Amino acid sequence: MKTLILSIFLLAIFSNVQSQGYSIGDRAEDFKLLNIDGNHVSMSDYPEAKGIIVIFTCNHCPYAKKYEQRIIDLDKKYKSQGYPVIAINPNDPKVVAADSYDKMKERAREKGFTFPYLFDAKQKVYPVYGAKKTPHVYLLKKSGNDFHVAYIGAIDNNYSDADKVTEKYLENAIEALQENKNPDPAVTKAIGCSIKTRKK
């Protein structure tokens, strides 16, 4: 009986830790999600990458819209340096119809996305990461065959006006990794819309 109680207690602790999402240094599990081109994309599709910029974002959120061009610019700047962007839409389209897969394809075409835009249709990936907002950034660093979390949070410190940004958190984090340093700060507060999940 004591063994059963202990097992339940440990399982509860583990589940609670998992529900919190990733922390700095954690190994990021691979995923396989549908891209807007009809193909599935995984992190394992990037064997030459030094890291991956995973950004949870969506179509409808005004914060996410403000960052679209900046995300495109980040991908264009850092993909050739070994840090490609993978964007993931975590929202349930039955809550927000504008975030449907078909609308994702339309949005990507309109804006000229240069990166994969994946659909977390079963809403299984974003809770593992611990994403709460759109946009919410996870910068991953390649170590051996694995990717580890190096930075979590916001892209920069001014969502409303790219010209008034004074702290480029994500860019600074990438530059730190390129110099074999740890990002500082490694965690910032993500500013955006809440992720839309259907009530069970």
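Every number in this text was worked out from the coordinates using simple rules, so none of it is lab data. All of these numbers come straight from a predicted model, not from anything done at the bench. Positions of Cβ are generated from backbone atoms using ideal geometry, with glycine treated the same way; all protein chains shown enter the neighbour counts.
Among 128-139, 87-98, 71-82, 28-39, how do they line up from the highest to the lowest mean number of other beta-carbon atoms within 10 Å? Don't skip to the end; give the middle numbers.
Numbers: 128-139: 23.2, 87-98: 19.6, 71-82: 16.6, 28-39: 14.7.
The packing order, highest mean first, is 128-139, 87-98, 71-82, 28-39.
What is the distance, in nm, between label points placed 7 Å from the Cα along the Cα-to-Cβ direction at VAL187 and at LYS199?
3.0
Check which residues have an amide H placed less than 5 Å from ALA28's amide H, if you skip close sequence neighbours.
PHE147, HIS148, VAL149
Using amide H atoms built in the peptide plane, which far-off residues or other-chain residues are under 5 Å from HIS40 H to H?
Excluding prolines and chain starts, which carry no amide H, the hits are ASN35.
Rounded to whole Hz and in sequence order, give me ³J(HN,Hα) for the stretch 99-112 from the Karplus expression 6.51 cos²θ - 1.76 cosθ + 1.60, θ = phi - 60°, writing x for Gly and Pro.
9, 6, 4, 5, 5, 4, 4, 4, 5, 5, 5, 4, 8, x
Quick check: residue separation of LYS50 and GLU29 times 0.36 nm, minus the Cα distance between them. What number comes out in nm? Please list the in-between numbers first.
Values: separation 21, 0.36 × 21 = 7.56 nm, distance 1.60 nm.
Length gained, LYS50 through GLU29: 6.0 nm.
Explain nothing, just compute: Karplus ³J(HN,Hα) = 6.51 cos²θ - 1.76 cosθ + 1.60, θ = phi - 60°, for every residue of the stretch 175-186 in order, whole Hz, x for Gly and Pro.
4, 4, 4, 5, 9, 6, 10, 7, x, 9, x, 8
For ASP73 and LYS94, what does the FRET efficiency come to when R0 = 30 Å and r is the distance between their Cβ atoms, rounded to the nearest 0.05? Let's see the in-between values first.
Details: r = 32 Å, r/R0 = 1.08.
Taking R0 as 30 Å, the efficiency between ASP73 and LYS94 is 0.40.
State the cysteines of the chain left without a partner when partners are defined as other cysteines whose beta carbon lies under 4.7 Å away.
When partners are defined as cysteine Cβ atoms under 4.7 Å apart, the chain leaves CYS58 without one.
With θ set to phi - 60°, apply the Karplus curve 6.51 cos²θ - 1.76 cosθ + 1.60 along the stretch 70-79 and write out the HN-Hα couplings as whole Hz, x wherever there is a Gly or Pro.
Karplus values, whole Hz, x for Gly and Pro: 5, 5, 4, 5, 4, 5, 5, 6, 9, 4.
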